[in-house]
Every structure is written in structure tokens, then in C-alpha cells.
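The values are calculated or read from the model by the stated rules, or taken from the named source; none is laboratory data. In this text, all values refer to a predicted model and were calculated from it rather than measured experimentally. In this analysis, Cβ positions are derived from the backbone assuming ideal geometry, glycine residues included, and neighbour counts consider all displayed protein chains. The area values use the complete protein model at the heavy-atom level, side chains included, leaving out ligands, DNA and RNA. Shrake-Rupley method; radii C 1.70, N 1.55, O 1.52, S 1.80 Å.
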Amino acid sequence: MKAVITVIGKDRVGIIYSVTQILAKSKINILDISQTIMQDIFTMIMLVDISKNEVSFAEISDKLENLGEELGLSIRIQHEDIFNSMHRI
């Protein structure tokens, strides 16, 4: 099963490290990643494999959301099919 993680906020050192540390500890594999900085706004989208994760989806979501609050970022995770449904034209 796959999920999409989005990260948006003011750029700062350690954003990618902080997010990927949570994923690695949860045994979540990054399949694809794209990130850019638009002026001083950091944006990142990741496609991840959650089929071998060792914690519940809700727990991962909470951890990422809490990290976002700590760093002043918006960090969200959605199941791939929900993300695709929301962004279908």
C-alpha cells in the first residue's frame, strides 16, 4: 500500500532529515521524492510504501503532524487512493 506525504512551510535546516527519520524508524520506504524551495517556502511531496510499517497509519499521521507543529510546517499523509481521488479533475 502506498501513501502520499506533503510538507509545506518556511524553509529551514533539517526538514528532510526530521521527516525521513520518522519514516525510517517506522519502516516506511520512500519510493519517490520531489522537493523545491520557492523563495523561502519549502515544498516537498513524497510517495511512500507503507505496507511494511511497524506502527498504525494513525500513529504515523500523528507523529508527522506533531513534527509539523514543532517546525512550523504543514505535514500531511494520505493513502494514495484518497489523494488521487481528491486531485482528480
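Details
- Residue check, Ile33 buried (at least 17 other Cβ atoms within 10 Å of the Cβ) and either at pLDDT 90 or above or within 25 Å of Lys10 (Cα to Cα) (or both): no
- Reported count of residues in region 38-49, each being modelled with pLDDT of 95 or more and either part of a helix (DSSP H, G or I) or of a type in the set (A, V, I, L, M, F, W, C) (or both), is 7.
- A search for C-beta distances below 7 Å between a residue of region 46-61 that is over 20 Å from Ile8 (Cα atoms) and touching a residue at least 40 places away in the same chain (Cβ under 8 Å) and any residue that is outside any loop (DSSP other than H, G, I, E, B) and of a type outside the set (Val, Ile, Thr), counting only pairs 6+ apart in sequence or on different chains, returns Asp49/Lys2; Asp49/Asn29; Asp49/Leu31; Ile50/Lys2; Ile50/Ala3; Ile50/Phe57.
- If the condition is being modelled with pLDDT under 90 and touching a helix residue (DSSP H, G or I) at 6+ places or on another chain (Cβ under 7 Å), then region 50-89 contributes only Asn53.
- Looking only at region 20-30, and only at residues there that are in a helix (DSSP H, G or I) and open to solvent by less than 70 Å² (accessible area, probe 1.4 Å), the one that is nearest to Asp81 (Cα to Cα): Leu23
- Residues in region 62-73 that are over 17 Å from Gly9 (Cβ atoms) and among the small types (Gly, Ala, Ser): there are none.
- Residue satisfying all of: in region 63-77; surrounded by fewer than 19 Cβ atoms within 10 Å (Cβ to Cβ) and of a type in the set (A, V, I, L, M, F, W, C); nearest to the chain's Cα centre (by Cα) among these: Leu67
- Matching residues in region 50-61 - criterion: being open to solvent by 50 Å² or more (accessible area, probe 1.4 Å) and assigned to a loop (DSSP other than H, G, I, E, B): Ser51, Lys52, Glu54, Ser56
- Among the residues making up region 7-19, those that are surrounded by fewer than 16 Cβ atoms within 10 Å (Cβ to Cβ) and not charged (D, E, K, R) are Ile8, Val13, Gly14, Ile16, Tyr17.
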